[in-house]
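Engineer: Quick one: the structure is below, questions incoming.
The values are calculated or read from the model by the stated rules, or taken from the named source; none is laboratory data. Computed from a prediction, not measured in an experiment: that's the story for all the values here. With ideal geometry, Cβ positions are generated from the backbone for all residues, glycine too; neighbour counts draw on all protein chains shown. Accessible surface is based on the protein model in full, side chains and every heavy atom, while ligands, DNA and RNA are left aside. Shrake-Rupley method; radii C 1.70, N 1.55, O 1.52, S 1.80 Å.
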Amino acid sequence: MLRRVDGIVMSGKYGPAMLDPGHTCFRELPVRMIDVELTVTDSRPVPAPPAGIAAVSRAVVSVAADLVTNVQRAVVGPANVRTARDNAFDAMLADRARNQARADLSREVAALVAARPARSRKIAKTPHIVRG
């Protein structure tokens, strides 16, 4: 792959503070065109295919998943197939309903506590022990 890189080459590397005392500013050098060739290779080794029981079990799971999907599509129709989005929306609605029920119960308990009349504690008199 060939790529052209062009730009202005500046004489200084840092800032004006790094210039020699005789210099007053950066000077622009002529634009240079540079051809760059980049070679990209995949450095990851290709994994060996699983052998034996692992390959068979993966194939069985894949076929079973396809079968379940096709049966669902045939039973409920292609427009009514459940998706991850549908599941997430139902979970969100269930969370809202639980939170609402929890808030309602908290309000009811608070109302019961507030409506209960204050009980006056009867303080028992301590009997005096008379020694004779």
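Engineer: At 7 Å along the Cα-to-beta-carbon direction for both T41 and D66, put a label point, then send me their distance in nm to one decimal.
Structural biologist: 3.7
Engineer: Suppose R0 equals 35 Å. What FRET efficiency, 1/(1 + (r/R0)^6) with r the Cβ-Cβ distance, do A101 and A74 give to the nearest 0.05?
Structural biologist: Plugging the Cβ-Cβ distance into 1/(1 + (r/R0)^6) gives 0.40.
Engineer: Using the heavy atoms of the protein chains alone and a 1.4 angstrom probe, what is the accessible area of region 44-111 per residue in square angstrom?
Structural biologist: On a per-residue basis, 85 Å².
Engineer: What are the ³J(HN,Hα) couplings of region 71-81, residue after residue, when phi is run through the Karplus curve with 6.51, -1.76, 1.60 and θ = phi - 60°? Round to Hz, x for glycine and proline.
Structural biologist: Working through the residues one at a time gives 5, 4, 4, 6, 7, 9, x, x, 6, 10, 5 Hz.
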